[in-house]
């Protein structure tokens, strides 16, 4: 039972984030050790201060959440939980989909230039989040927006939008 | 006075007027989009104006910052959705007015409040800022160090309402500000051999990631469009006339707005809500508040608009941002080489006073915009998320890329976007992180300078009266949030 409660607490993004921060600040403190005295003084001071704050916050979380759970233990919130889980699931699915579009578009941008990122983000979101029956309209908008960006940034401002690993049209 | 005349001449040059109009329009559009407040607006456009004259760029940014609040009030009134936290008080009476068929009246009140509140605030700013600057001349490295720490602690404590979380975020920002070459010794820190961060974490890319990318990800999670639009009724001019019927309420709300604005980190949302609460408390018919009472909209909107110039006082004269938007504006000023502090009124007088004049002018332009096109701009809220999200992403990432023409910067922004998103989900706000990143170098440099002056003695941080006051205020900001409940318990115990 106790381990189940602990698992429930560790599921929270907040706790995970704080644990990551604990490692991050600890790592930054250790990495500063070989630096010259003046270079390491400030980062180490910040790291120690932040480590203390994260530790206090984590301790508070574990004690307070335990109390809250005890206080509402007899409340039947099964329906709410199911509803919440469904919403969370949908949101998570959309979040991963968005990230896939962003990362793939960025990767393509690395290869062919930022203009490709622009096109694939403009086409990706309406295609995977919008209505697929409007495909031709979405493609038209994506092409139009990409052209506007190309004209205003590459032509007018001289930003190299077609410079990637494969070619360089700057 | 000469400097103000020069500033007026400068602002009326065509490119500055164009920047002012562009900033006004863009600010209103950004304000209309819920969640995209002045912070995200400035983050999105910053890369586009980097090559402009600093004064022109700051005029654009300043008017954007000021007008986004007005845009937010449009959606607050029309669709019960505040564009930013600062418009939260406006929905209390603005939307019920709309439901009663007085949407046009509410919009008229809101536009007049933007003009009157903003002008009162700007006039006070123009005349009070140099006095504050003279006071700030007494500041040495130790005082600057303590002032930055005070700003961070107040932002950490107030912005979120959870001091420890705010301090952790501020610590993260300060820690990240140490990445790259150390300004004192020239030693390379925490770069892990990655060249793009050798000069430090680039502020703009971080800003774009923390606000714009994070916002895009949050919007992408939802299938709906941003909002539904309601029907407009009632006359704009009826609203203008109604506004001037409540002179006492206007003066009281403007005073509250200015006072709250000068206090670091308290911000426009608190100003609007406080003014609304005060108007209700003093009203002979408090039961009408929250049910479409025009005085409620007048109070909240006037206070919010008067608060913005107050925010700028601390930001420009002392380098302490008065709100989230002001914190971003502080970063923008630093990027353009306008270092906030007492000397800025002498060294960059032309830029600062041009900004002040432009912002005063913006108050009147806002009224004209409100009179003509504002109600049509609210249509933006009808756009579905699958259209808004790619636009936000492309505009922000393109800006991030265009600064150094590096795809690595896009990755950096996306990385900060993830950090911002996780922070939001974890109940943190990225604002203290950004402020830590902005003020980090100033904190570290002044820390070392103070110690050099004192020969390594930490006593320098406690020696002057200003230092003592600053330390007291910092400690107060730490314990302040806990004092309220303790006091309540004590008084309840006595009863």
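Here, each number is a calculation from the coordinates, and none is a lab measurement. Predicted, not measured: the structure shown is a model, and the values here were computed from it. Because the Cβ atoms are built from the backbone with ideal geometry, glycine has one as well, and the counts that use them run over all protein chains shown.
Odds and ends about this structure:
- Among B:395-401, A:40-46, the order from most to least packed when residues are scored by Cβ within 10 Å on average: B:395-401, A:40-46
- Sequence ranges A:140-153, B:245-258, ranked by mean other-Cβ count within 10 angstrom, highest first: B:245-258, A:140-153
- Computed packing ranks the peptides B:65-72, B:181-188, B:413-420 as B:65-72, B:413-420, B:181-188, most packed first, by mean other Cβ atoms within 10 Å.
- Fully extended contour minus Cα-Cα distance, from residue B:127 to residue B:188, at 0.36 nm per residue: 17.5 nm
- By other beta-carbon atoms within 10 Å, ranking B:78, B:359 with the fewest at the front produces B:78, B:359.
- Cβ neighbours within 10 Å from other chains - mean over A:28-36: 3
- Counting other Cβ atoms within 10 Å as a rough exposure proxy, the listed residues A:99, B:14 run B:14, A:99 from fewest neighbours to most.
- If R0 is taken as 45 Å, the Cβ-Cβ distance between residue B:21 and residue A:89 corresponds to a FRET efficiency of 0.45.
- Residue-averaged beta-carbon neighbours from other chains (10 angstrom radius) around A:115-126: 4
- Cα gyration tensor category, rounded, prolate or oblate, for segment A:82-156 with a/c compared to 1.5: prolate
- Here the residues B:208, B:297, A:54, A:20, ranked from fewest to most Cβ neighbours within 10 Å of their Cβ, fall in the order A:20, A:54, B:208, B:297.
- When both segment B:288-327 and segment B:45-79 are represented by their alpha-carbon centers, they are found 16 Å apart.
- With a 10 Å cut-off around each Cβ of B:443-451, the average count of Cβ atoms from other chains is 2.
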